[in-house]
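One structure below.
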Amino acid sequence: MNAESELILRIILTGVGATLLMDLWALLLKHFFNIQSLNWAMAGRWIGHMLSGRFRHDSIAKASPIKGELQIGWLAHYASGIFFAALLTAIAGPEWLTQPVALTTIIFGIATVIFPFFIMQPGMGAGLAASKTPNPKQARLRSLITHTIFGVGMYGAALGLSFLRV
């Protein structure tokens with residue numbers, strides 16, 4: 001495998017690994033504490049409506065359903081994880097994939113909360129940084145923790161892959 005293909009594969013596997021850890025975290029919260037995470041069908045619905053030029057909703061749950069919205073939402077979720085792994089690689093350089101630094105990677109993971117706070121939540125009707133939800137402080141804290149877990153997942157995936165020749 002050439003160096004470029006290896007870099008792309010490492011980015012993909014790191015993004016998928018981090019997103020998987022985030023999903024495992026969501027499953028633990030649901031199973032042990034009955035805390036629901038984002039319904040990926042709603043994210044898919046939001047994305048589906050973008051294709052017709054609608055980027056903002058008062059309530060995405062009340063918007064008309066989109067064919068394949070659940071699959072669109074899950075695909076976008078994992079694509080976002082891969083995108084963020086690629087973005088960190090672009091910022092920190094490709095060497096971070098083989099020599100990841102925990103603090104840098106976790107801080108980057110936390111910074112990715114900008115996306116739901118300022119794009120997804122307002123676009124889906126939850127307001128800026130979940131301001132229109134029943135408990136905005138709790139929603140914000142859960143988002144911060146989830147994105148911290150994502151950063152830990154990126155570090156762990158990159159570290160694990162650093163021992164492998166892919």
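Values as computed for the structure displayed
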| read-out | value |
| --- | --- |
| Folded to 0 to 90 degrees: helix 136-162 orientation relative to the chain principal axis, Cα | 20 |
| C-alpha long axis of helix 3-33 to longest principal axis of the chain, angle in ° | 50 |
| Projected label distance in nm at residue 131 and residue 74, using a 7 Å step from Cα toward the beta-carbon | 3.5 |
| Packing-based exposure ordering (other Cβ within 10 Å, fewest first) of 45, 140, 54, 10 | 54, 140, 10, 45 |
| Order of 84, 55 under a 10 Å beta carbon neighbour criterion, fewest first | 55, 84 |
| Lysines with Cα under 20 Å of residue 30, excluding same-chain neighbours fewer than 8 positions away | 137 |
| Gain on full stretching of the segment that runs from residue 67 to residue 3 - 0.36 nm per residue minus C-alpha separation | 19.1 nm |
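No lab work stands behind these numbers, since they all come straight from the coordinates. Given the structure is predicted, the values throughout are model-derived calculations rather than measurements. Heads up, the Cβs are rebuilt from the backbone with ideal geometry, glycines too, and the neighbour counts pull from every protein chain shown.
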